[in-house]
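Quick notes on the structure that follows.
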Amino acid sequence: MREFDLVIVGAGAAGLTLAHFAAKIALPGIGPPEIALVEPPAGPARPGDRTWCFWERGPGPWDGVLAARWDTLSVISPSGARHEQAIGPLSYKMLRSRDFETHVRAGFGPNVHPCAATVTAIDDGADRATVRATRPDGAPVSLGAAHVFDSRPRPVPPGARTTLLQHFRGWFVHTEDDVFDPGTASLMDLRTPRPRTGVSFGYVLPTSPREALVEYTEFNRDVLDEDGYEAALRRYTGQVLGLERFTVAAREQGVIPMTDARFPTRVGRRVFRIGAAGGATRPSTGYTFGGIQRQAASVVRSLERGRDPVPPIPHRHRHLAMDSVLLHALDSGRLDGAEFFARLFARNDTREVLEFLDGGSTFGRELAMGLTTPVAAMSAAVVERALAPLRAGAAPERHPR
Ligand SMILES: Cc1cc2nc3c(=O)[nH]c(=O)nc-3n(C[C@H](O)[C@H](O)[C@H](O)COP(=O)(O)OP(=O)(O)OC[C@H]3O[C@@H](n4cnc5c(N)ncnc54)[C@H](O)[C@@H]3O)c2cc1C
């Protein structure tokens, strides 16, 4: 068995972020940690390429590899009212998973040991845990460490009152004419037809006057089939955006559970969960990348100080409670989701909404924000949610290719 200080299981956003920052610290009495980063070979366990959007105040660690960034965001109401706002000092940033991975791997020093293997079991212990895995040639491998961080996708744990799916497909479009404003990203364009339950919206992330990622998204319980997403995107690009001559260079699709289930991050004396599997996804939005960054920063601080490195859920309790109410209100059909989001952005400073979503707002500000939303529907949802039974979990995030 090979021994390490840390074993990180999975080299997605969470595993790579933690490896990147943890590799640079010194553990008390030890020095730079020896880290094994275990990732399966290409195959069904590996998630497909994806594009992450997130926001940050000022410069950030991934600025050198961003695909795009925007300082102005727009939200468009169902009737077409456009709310556009400069968000400085925040920026909305786009990062492609492949660029991120190449960049992070290129920066690894000799203390990071990538290991191509599929983890089959993790055995906890008092002082060390053992990760058991299988190499691509079928050979078994065992890795021991004082701390194991596991980012493998998990089913949603039991104990959810409401679990919706954020499901979406995007087209990377190339147009023949200059039609996009690369200075502005649309966050939500609510001019899409209201689905039977939940809410739908489109958005446009332009990377040049002729190139953009155009997405169609729904928050509800049931994913669409192939034809359903294609039809929704044809309708959105044609009837709503009025795009005429364009080609689709690539597609991106995904499903992210939006759930009020609680995700335990400590699953053994020496074993912890991180990333989407460790509760990093904000239930009301599906945004995860920012939470992964905060969670990794906290783990690294604990390791540096010789503390138990339990990954925190990177969202405040009261925000999770608010999100639970919103999920219930959307699911029950009491709330017109399009009206809710349009009003939230039209009547509040977009920066304050983004800060709220990152956990940086004050309670007073949140109360004021709450009063700009449909109060009657939300109050009814608070009561109904409190009475709602706890249900078993749903399927984890899927990765269609
Ligand atoms: C298409 C798509 C777009 C998204 N866009 C955004 C966005 O714009 N902004 C945002 O904030 N969030 C977004 N998300 C949500 C979230 O940020 C991503 O899902 C993110 O990739 C989660 O990272 P993770 O490391 O937690 O999990 P994953 O990326 O799922 O990583 C888990 C890792 O575990 C590995 N693994 C699995 N099984 C094994 C095994 N047996 N042994 C070893 N390793 C294993 C996998 O290969 C993988 O590398 C998006 C999600 C999808 C699907």
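Values computed for the structure shown
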{"quantity": "Rg/Rh (Cα only; Kirkwood hydrodynamic radius) as it applies to the chain", "calculated": "0.97"}
{"quantity": "Globularity index of the stretch 1-48, i.e. its alpha-carbon radius of gyration over 2.2 N^0.38 Å", "calculated": "1.29"}
{"quantity": "Alpha-carbon centroids, the stretch 220-265 and the stretch 93-117: separation in whole Å", "calculated": "28 Å"}
{"quantity": "Ratio Rg/Rh, restricted to the stretch 37-145 and using Cα atoms, in which Rh is the Kirkwood radius", "calculated": "1.16"}
{"quantity": "Degrees between helix 97-106 axis and first principal axis of the chain (Cα, 0 to 90, nearest 10)", "calculated": "30 degrees"}
{"quantity": "Share of alpha-carbon pairs per 5 Å distance bin for the stretch 317-387, given as whole %", "calculated": "3, 17, 28, 27, 19, 6, 0"}
{"quantity": "Virtual spin-label span in nm between Leu66 and Arg301, 7 Å along Cα→Cβ", "calculated": "2.4 nm"}
{"quantity": "Distant-in-sequence amide H partners of Val255 (H built 1.01 Å from N, under 5 Å)", "calculated": "Arg398"}
{"quantity": "Spin-label zone in the stretch 241-260 - amide nitrogen under 18 Å from a point set 7 Å from the Cα of Glu230 along the C-beta vector", "calculated": "246-254"}
{"quantity": "Which of His317, Trp52, Ala19, positive extreme of dipole for the chain (C-beta unit charges)", "calculated": "His317"}
{"quantity": "The stretch 49-85-the stretch 1-41 distance, computed between alpha-carbon centres (Å)", "calculated": "30 Å"}
{"quantity": "Largest-first principal axis extents, alpha carbons of the stretch 139-215, Å", "calculated": "56, 35, 24"}
{"quantity": "For the stretch 327-338, Karplus couplings with θ = phi - 60° (6.51, -1.76, 1.60), whole Hz, Gly/Pro x", "calculated": "4, 5, 5, 5, 5, 6, x, 5, 9, 7, x, 5"}
{"quantity": "Sites excluded, GluC sites (Glu not before Pro) in DSSP loops with at most 14 other C-beta within 10 Å, longest stretch of the chain", "calculated": "1-175"}
{"quantity": "Choice from Arg307, Arg194, Arg334 showing the highest fluctuation, given a GNM over the chain with Cα pairs closer than 10 Å", "calculated": "Arg307"}
{"quantity": "Per residue accessible area of the chain, 1.4 Å probe, in Å²", "calculated": "43 Å²"}
{"quantity": "Whole-percent pair-distance distribution, where bins are 5 Å wide, for the alpha carbons of the stretch 1-99", "calculated": "2, 10, 15, 15, 15, 14, 11, 8, 5, 3, 2, 1, 0"}
{"quantity": "With every protein chain in place, the chain: carbon and sulfur % of accessible area (1.4 Å)", "calculated": "53 percent"}
{"quantity": "Net dipole in debye of the stretch 317-387 [+1 Lys, Arg Cβ; -1 Asp, Glu Cβ; about Cα centre; nearest 20]", "calculated": "140 debye"}
{"quantity": "Candidates Ala280, Ala139, Ala338: whichever shows maximal mean-square fluctuation once the chain is modelled as a Gaussian network with Cα springs under 10 Å", "calculated": "Ala139"}
{"quantity": "Normalised convex hull volume, the stretch 214-373, alpha-carbon set, Å³ per residue", "calculated": "164 Å³"}
{"quantity": "Rg over Rh [alpha-carbon atoms, Kirkwood Rh] for the stretch 19-77", "calculated": "1.11"}
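The values are calculated or read from the model by the stated rules, or taken from the named source; none is laboratory data. Not measured: the values here are computed from a predicted model. Glycine gets a Cβ as well: all are built from the backbone with ideal geometry, and neighbour counts include every protein chain shown. Accessible surface areas use protein heavy atoms only, side chains included; no ligands, DNA or RNA. Shrake-Rupley method; radii C 1.70, N 1.55, O 1.52, S 1.80 Å.
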